[in-house]
Amino acid sequence: MDIEKLYKSGMSIREVSRKSGIPLSTVHRRLKAAGVLRNKSVAQKNAIKRHGHPRDGVELSEDTKDKIRKAQNEFWQSEEAQEAKAKIAAARKREWSEMTARQKHNAVEKLLRAPRPRKGTLTNFGKAVFDYFTECGIKCKSEIFMPERGVAAILLVESGTVLEFASPKFLNNDLLGRERDSLRTTNYHLVVVINHSNSVSKARCELVRKAITEDPKIEVIEIS
């Protein structure tokens, strides 16, 4: 039986093993040797596509959600999390180094084609923070505070705090300084939120809320 053909049809290693009667470890070794073994991320996406997410249709209570968010926050601020991030970064570099020139080209092309926030709209993380704050009962609205730049930000109505979301790669401190001074004359306080990840989870949104709650005068919030 052609286990490579079965695997390429979308089956998992475990399913191929059951179908062929070949031990799991042997299937894994042969697929790896053939260079067709999917990485963990692709394997998980494939499994969800074929079988659905195991949590689909499961409603969690607000208390349970709060406990999950708290646990996530505590973990990502721990030394263990920093070690995990380092391992993930190393794995990503290893995956990249093992890709063919064509695979690298396709990956770059995919990134270039990815949708980006239109001028005057919030970033994906900004939208997630806006929704989370609204869910928490914090009155906020999205506005463009610097028309010449067309930058959308979140205004926290009660405190006059303006949250602007910036990429660490395109951070212009001089420009932000001038913007901060300009907003200060109208009694607004600018807070720049820098998200060092593509994640827009509620746990990360909670880190923003916690930071401005603990220090209302904070000027920069970095989410690693």
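Before moving on, here are some points about what is shown:
- The residue that is farthest from Met99 (Cα to Cα), counting only those in segment 1-45 that are surrounded by 14 or more Cβ atoms within 10 Å (Cβ to Cβ) and small (Gly, Ala, Ser), is Ser20.
- Some residue of segment 213-224 being modelled with pLDDT of 75 or more and in contact with a Gly (Cβ under 6 Å, 6 or more places away or on another chain): no
- Residue satisfying all of: in segment 1-18; aliphatic (A, V, I, L, M) and in a loop (DSSP other than H, G, I, E, B); farthest from Lys45 (Cα to Cα) among these: Met1
- Residue check, Gly137 surrounded by 12 or more Cβ atoms within 10 Å (Cβ to Cβ), on the phi > 0 side of the Ramachandran plot and at pLDDT 80 or above: no
- Matching residues in segment 177-215 - criterion: being part of a loop (DSSP other than H, G, I, E, B) and either more than 17 Å from Val129 (Cα to Cα) or in contact with a Leu (Cβ under 6 Å, 6 or more places away or on another chain) (or both): Thr185, Thr186, Asn187, Tyr188, Asp215
- Pairs with Cβ under 9 Å, 6+ apart, first in segment 81-109 and surrounded by 10 or more Cβ atoms within 10 Å (Cβ to Cβ), second in a helix (DSSP H, G or I) and aliphatic (A, V, I, L, M): Trp96/Ala107; Met99/Ala107
- Against the numbered list (1) modelled with pLDDT under 90; (2) closer than 16 Å to Thr213 by Cβ; (3) of a type outside the set (A, V, I, L, M), Ser167 comes up short only at (2).
- When Val129 is tested against the conditions (1) among the β-branched types (Val, Ile, Thr); (2) within 27 Å of Gly10 (Cα to Cα); (3) at pLDDT 80 or above, the lone failure is (2).
- Residue selected from segment 66-80 under the condition under 13 Å from Ser224 (Cα atoms) and of a type in the set (A, V, I, L, M, F, W, C), by the criterion surrounded by the fewest Cβ atoms within 10 Å (Cβ to Cβ): Phe75
- Of all residue pairs spaced 6 or more apart or on separate chains, none has beta-carbon atoms under 6 Å together with a first member in segment 48-63 that is assigned by TED's automatic domain parsing to the domain that holds Cys136 and under 21 Å from Gly10 (Cα atoms) and a second member that is modelled with pLDDT under 70 and among the charged types (D, E, K, R).
The values are calculated or read from the model by the stated rules, or taken from the named source; none is laboratory data. Just so you know, these numbers come straight off a predicted model, no measurement behind them. Here Cβ is always computed from backbone atoms with ideal geometry, including for glycine, and neighbour counts include all displayed protein chains.
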